[in-house]
Amino acid sequence: GQQVMQIPQYQHVQEGEDFTTYCNSSTTLSNIQWYKQRPGGHPVFLIQLVKSGEVKKQKRLTFQFGEAKKNSSLHITATQTTDVGTYFCAAPNSGGSNYKLTFGKGTLLTVNP
Amino acid sequence: DAGVIQSPRHEVTEMGQEVTLRCKPISGHNSLFWYRQTMMRGLELLIYFNNNVPIDDSGMPEDRFSAKMPNASFSTLKIQPSEPRDSAVYFCASRMGPTSYNEQFFGPGTRLTVL
């Protein structure tokens, strides 16, 4: 089945530094979603990318979808302590079952104030 | 909107006991998912319902697990008998529409500990 590989698994930064997490697939994706889970919380939807080469911004967060629609990234500029959490990418299964998402293992971001 | 509601929030039980987790999806959402999250395996889809009908239960680990959705506003996930390896956080999520293009809304989760 569809797998999305996410790297790195962990990232520790000083407050103010930038952060990037990457999501890679061996197959072309129809769309990709990003979720954030705060420690002890539940995943919360951030954004969806659909078009090849798409770039979307939410304040300090920049999301990109690769030209081949096989990879995606989330970049946070000047991290803050409120950015702490696990960031997941999620993509639908290939082969027709477009109703469910496969989640990456996530990148845990910790920020040192 | 209250969001997706799950109960209980925490459950501690002994091996062999029956456990029932409950979920109320967001009103108007016709897709419902049960996930299990562990450190080792991440976020795994257990079962997916659309319009109260189970569409995909390929993620249900064993016959000890069962899920029902008797109506559009209620679903249960039952584990009988429970085992220590079932300890995890169980999330229910709902979505409007049948395709992956719509966002999923997760409940707060049930943290299950089986001793």
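The values are calculated or read from the model by the stated rules, or taken from the named source; none is laboratory data. If you're wondering where the values come from, they're calculated on a predicted model, not measured in any experiment. Glycine also receives a Cβ, built like all others from the backbone with ideal geometry; neighbour counts cover every protein chain displayed.
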Exercise for review: Would you please name the residue that is surrounded by the most Cβ atoms within 10 Å (Cβ to Cβ), looking only at residues in the stretch B:16-64 that are free of Cβ contacts under 8 Å to residues at least 24 places away in the same chain, at positive phi and assigned to a loop (DSSP other than H, G, I, E, B)?
Suggested key: B:ASN52
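Kindly check whether there is at least one residue in the stretch B:70-83 that is out of contact with any Lys or Arg (no Cβ under 7 Å at 6 or more places or on another chain), free of Cβ contacts under 8 Å to residues at least 60 places away in the same chain and within 14 Å of B:ILE47 (Cα to Cα).
Our first condition is that a residue be out of contact with any Lys or Arg (no Cβ under 7 Å at 6 or more places or on another chain); within the stretch B:70-83, this holds for B:70-72, B:77-78, B:82-83.
Now drop any that are not free of Cβ contacts under 8 Å to residues at least 60 places away in the same chain, which leaves B:70-72, B:77.
Retained after the next criterion (residues that are within 14 Å of B:ILE47 (Cα to Cα)): B:77.
Scanning the stretch B:70-83 turns up at least one residue that is out of contact with any Lys or Arg (no Cβ under 7 Å at 6 or more places or on another chain), free of Cβ contacts under 8 Å to residues at least 60 places away in the same chain and within 14 Å of B:ILE47 (Cα to Cα).
Among the residues of the stretch B:73-115 satisfying the criterion of being among the acidic types (Asp, Glu) and in a loop (DSSP other than H, G, I, E, B), which is farthest from B:ARG22 (Cα to Cα)?
Of all residues in the stretch B:73-115, those among the acidic types (Asp, Glu) come to B:83, B:86, B:103.
This time we only want the ones that are in a loop (DSSP other than H, G, I, E, B), so: B:83, B:103.
Values: B:GLU83: 19, B:GLU103: 21 Å.
Of everything passing the filter in the stretch B:73-115, B:GLU103 is farthest from B:ARG22 (Cα to Cα).
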Exercise for review: Restricting attention to the stretch A:83-95, report how many residues are over 18 Å from A:GLU15 (Cβ atoms), surrounded by fewer than 22 Cβ atoms within 10 Å (Cβ to Cβ) and of a type in the set (Gly, Ala, Ser).
Suggested key: 2
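Could you tell me whether A:SER52 is more than 14 Å from every other protein chain (Cβ to nearest Cβ), farther than 14 Å from A:GLN6 by Cα, in a loop (DSSP other than H, G, I, E, B) and of a type outside the set (Lys, Arg)?
On the way: more than 14 Å from every other protein chain (Cβ to nearest Cβ): yes; farther than 14 Å from A:GLN6 by Cα: yes; in a loop (DSSP other than H, G, I, E, B): yes; of a type outside the set (Lys, Arg): yes.
The answer is yes for A:SER52.
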Review point. Can you name the residue in the stretch A:8-47 that is assigned to a strand (DSSP E or B) and surrounded by fewer than 14 Cβ atoms within 10 Å (Cβ to Cβ) and is also farthest from the chain's Cα centre (by Cα) among such residues?
Key: A:GLN14
Exercise for review: Return a yes/no flag: does the stretch A:37-45 have any residue that is among the aliphatic types (A, V, I, L, M), at pLDDT 95 or above and over 28 Å from B:GLY109 (Cβ atoms).
Suggested key: no
**Study point:** Test: residue in the stretch B:18-26 that is touching a Gly at 6+ places or on another chain (Cβ under 9 Å) and either at pLDDT below 95 or polar (S, T, N, Q) (or both)
**Key:** no
Revision key, fill the gap. When (1) part of a strand (DSSP E or B); (2) within 24 Å of B:GLN37 (Cα to Cα); (3) of a type in the set (D, E, K, R) are applied to A:LYS105, the one that fails is (1)
**Study point:** Test: residue in the stretch A:81-99 that is more than 9 Å from chain B (Cβ to nearest Cβ), in contact (Cβ under 8 Å) with a residue 40 or more places away in the chain, hydrophobic (A, V, I, L, M, F, W, C) and outside any strand (DSSP E or B)
**Key:** yes
Review point. If you take the residues of the stretch A:53-82 that are among the hydroxyl-bearing types (Ser, Thr, Tyr) and more than 11 Å from the chain's Cα centre (by Cα), which of them is surrounded by the most Cβ atoms within 10 Å (Cβ to Cβ)?
Key: A:THR79
**Study point:** Single condition B:LEU112 does not satisfy, out of (1) more than 14 Å from chain A (Cβ to nearest Cβ); (2) over 21 Å from A:GLN37 (Cα atoms); (3) touching a strand residue (DSSP E or B) at 6+ places or on another chain (Cβ under 7 Å); (4) surrounded by 14 or more Cβ atoms within 10 Å (Cβ to Cβ)
**Key:** (2)
Revision key, fill the gap. If we ask which residues in the stretch B:1-17 are closer than 23 Å to B:THR99 by Cβ and modelled with pLDDT of 95 or more, their number turns out to be 2
Exercise for review: Looking only at the stretch B:65-100, count how many residues are surrounded by 15 or more Cβ atoms within 10 Å (Cβ to Cβ) and within 13 Å of chain A (Cβ to nearest Cβ).
Suggested key: 9
Check your understanding: Looking at the stretch A:17-50, which of its residues are out of contact with any Ser or Thr (no Cβ under 7 Å at 6 or more places or on another chain), touching a residue at least 60 places away in the same chain (Cβ under 8 Å), within 24 Å of B:THR38 (Cβ to Cβ) and of a type in the set (S, T, N, Q)?
Key -> A:SER25, A:GLN33
